[in-house]
Amino acid sequence: MESLRKNEDFRRCYRTGRSGANQYLVVYICKNNLDYNRIGISVSKKIGNSVVRHRICRLVRESYRLHEGNCEPLPRSHNGCDIAVVGRRSANGASYHEIETALLSLLKTGKIYRES
């Protein structure tokens, strides 16, 4: 699993990517011209202290890791995707199952997740 690390990569995703949102997460998806997908997770200090923010990051990262094999590049393209995930305030206190369901539904609407 590769990660988005640079601010410019996140900004490009926010500016040019397709977005989707639900109660817990906001997801931006854009092409990255690589052969693999990259994921970046951002949780604001407004959400809570570092323990809360890192818990949300861990839940999102683990959800993606377990379902990474079902995530494929954008349709009709051989390029991978950059996926920027932003945690919302309501994600504070959400269970793993709720975060996983929220992430997978957003990836399905972004057309990069397929159920096997």
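The values are calculated or read from the model by the stated rules, or taken from the named source; none is laboratory data. As the structure is a computational prediction, the values presented were derived from the model and not from experiment. Neighbour counts run over all protein chains shown; Cβ positions are idealised from the backbone, glycine included. Just so you know, the surface numbers come from the protein's heavy atoms only, side chains and all, with ligands and any DNA or RNA stripped out. Shrake-Rupley method; radii C 1.70, N 1.55, O 1.52, S 1.80 Å.
Could you list all residues from region 28-53 that are outside any loop (DSSP other than H, G, I, E, B) and more than 17 Å from A94 (Cβ to Cβ)?
Within region 28-53, Y28, I29, C30, K31, R38, I39, G40, S50 qualify.
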Looking across region 26-36 at residues that are open to solvent by 20 Å² or more (accessible area, probe 1.4 Å) and at pLDDT below 95, the single one that is farthest from R58 (Cα to Cα) is N33
Counting only residues that are aliphatic (A, V, I, L, M) and open to solvent by less than 20 Å² (accessible area, probe 1.4 Å), region 1-25 contains a total of 2
So, first residue closer than 15 Å to A21 by Cβ and of a type in the set (A, V, I, L, M) in region 92-113, second residue assigned to a loop (DSSP other than H, G, I, E, B) and open to solvent by 30 Å² or more (accessible area, probe 1.4 Å), Cβ within less than 8 Å, six or more apart or across chains; the pairs are A94/Y24; I99/Y24; A102/N22; A102/Q23; A102/Y24; L106/N22
Within region 76-116, the count of residues that are closer than 30 Å to N49 by Cβ, assigned to a helix (DSSP H, G or I) and either open to solvent by less than 50 Å² (accessible area, probe 1.4 Å) or among the hydroxyl-bearing types (S, T, Y) (or both) comes to 12
